[in-house]
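Let me begin by presenting the structure, written as structure tokens, before commenting on it.
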Amino acid sequence: MGDDGTCSSAGSAQSVSSAPVDLPATATELTHPQSTTIDSTAGRLMTPAAEQLGRYRYDIASDSWWWSDELYRMYGFAPGEVVPTGALILAHTHPEDFDPAAALLSTAVAHGGQFSLRHRMIDTNNRIHTLMSVGETVTDTEGTVTGLVGFVSDLTHSERLAVAHAVDRAVAEFLEHRSLIEQAKGVLRGEFGCDADEAFELIKWRSQHTNIKVYEVASHLLDSLTRPSKEVRSKVLDGFDAQLKATRANRQPAQQRCT
């Protein structure tokens, strides 16, 4: 892919900028990553310790950028392979996030303060990364904005892990729910001599009439049958028994009409 390549992906950029605060005149305070927070009281940016972390500086007077080796690699370049520029950054910004990214850069340079932007970047291998760019403006002794300094954290790996964990949880819940439903069907078949389809229809009937999810109906049924109270057991089963009889009674006339 070239710098003007396009890709599509769900999500959108989010930006936050603040009013000017007391900021450092140099970037030396940002050279040792330690945490992931911004101390808004002191107006000092603290960078996170992470595997995918790149740092940058921008000088307005010379219109020049400095990137750490990690940031070059994040974009798919070898360190020093290209000269970093604002145009290069925007060329690799996901098309859907281009306007917020451009606006944030302009606002930061014009008004100063701290800023952050969650956005997507397309590297030289056409892979989409989710980045969190955090920074603050550098000012001279008179308070004039002279540049930007900050870091970029690649969230792609952690987002993929989060999705994988969510899928694992969903699969585990599905299997657990399915097991409960199968157990409940087995109980109903044993109690009433019905087949698997009839047992499941009974569970669905109870779900619809109580506005409770099917697996929760199954769970409540199993829980009720394990209680020592025979009264509770009989009350629960009587409801299913009555519905089964009503269903079968309604089915017989229909079968007779078909014959």
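The values are calculated or read from the model by the stated rules, or taken from the named source; none is laboratory data. Keep in mind that what you see is a predicted model, and the values were worked out from it rather than measured. As a convention, Cβ positions derive from the backbone with ideal geometry for all residues, glycine included, and neighbour counts pool all protein chains shown.
Number of residues in the range 98-131 that are under 26 Å from G143 (Cβ atoms), outside any strand (DSSP E or B) and either not assigned by TED's automatic domain parsing to the domain that holds G150 or not hydrophobic (A, V, I, L, M, F, W, C) (or both): the value is 5. Say whether the condition of being of a type in the set (A, V, I, L, M) and within 24 Å of A249 (Cα to Cα) is met by at least one residue in the range 169-176. Among the residues of the range 169-176, not one is of a type in the set (A, V, I, L, M) and within 24 Å of A249 (Cα to Cα), which makes the answer no.
Scanning the range 58-85 for residues that are touching a Leu at 6+ places or on another chain (Cβ under 7 Å) and touching a residue at least 24 places away in the same chain (Cβ under 8 Å) yields a count of 1. In the range 126-149, what residues are more than 24 Å from the chain's Cα centre (by Cα) and within 19 Å of W67 (Cα to Cα)? E136, T137, V138, T146, G147, L148, V149, listed by residue number.
Scanning the range 184-218 for residues that are assigned to a helix (DSSP H, G or I) and exposed (fewer than 14 other Cβ atoms within 10 Å of the Cβ) gives G186, G190, A196, D197, K204, Q208, H209, T210.
Looking only at the range 152-210, which residues are farther than 30 Å from W66 by Cα, among the aliphatic types (A, V, I, L, M) and more than 17 Å from the chain's Cα centre (by Cα)? Answer for the range 152-210, where residues must be farther than 30 Å from W66 by Cα, among the aliphatic types (A, V, I, L, M) and more than 17 Å from the chain's Cα centre (by Cα): V171, A172, L175, L180, I181, A184, V187, L188, A196, A199, L202, I203. State whether the residues of the range 62-72 include one that is at pLDDT 90 or above, part of a strand (DSSP E or B) and among the polar types (S, T, N, Q). For the range 62-72, residues at pLDDT 90 or above, part of a strand (DSSP E or B) and among the polar types (S, T, N, Q): present. Going by the structure shown, is E159 surrounded by fewer than 21 Cβ atoms within 10 Å (Cβ to Cβ), in a helix (DSSP H, G or I), out of contact with any Phe, Trp or Tyr (no Cβ under 9 Å at 6 or more places or on another chain) and not hydroxyl-bearing (S, T, Y)? For E159, the condition - surrounded by fewer than 21 Cβ atoms within 10 Å (Cβ to Cβ), in a helix (DSSP H, G or I), out of contact with any Phe, Trp or Tyr (no Cβ under 9 Å at 6 or more places or on another chain) and not hydroxyl-bearing (S, T, Y) - is met.
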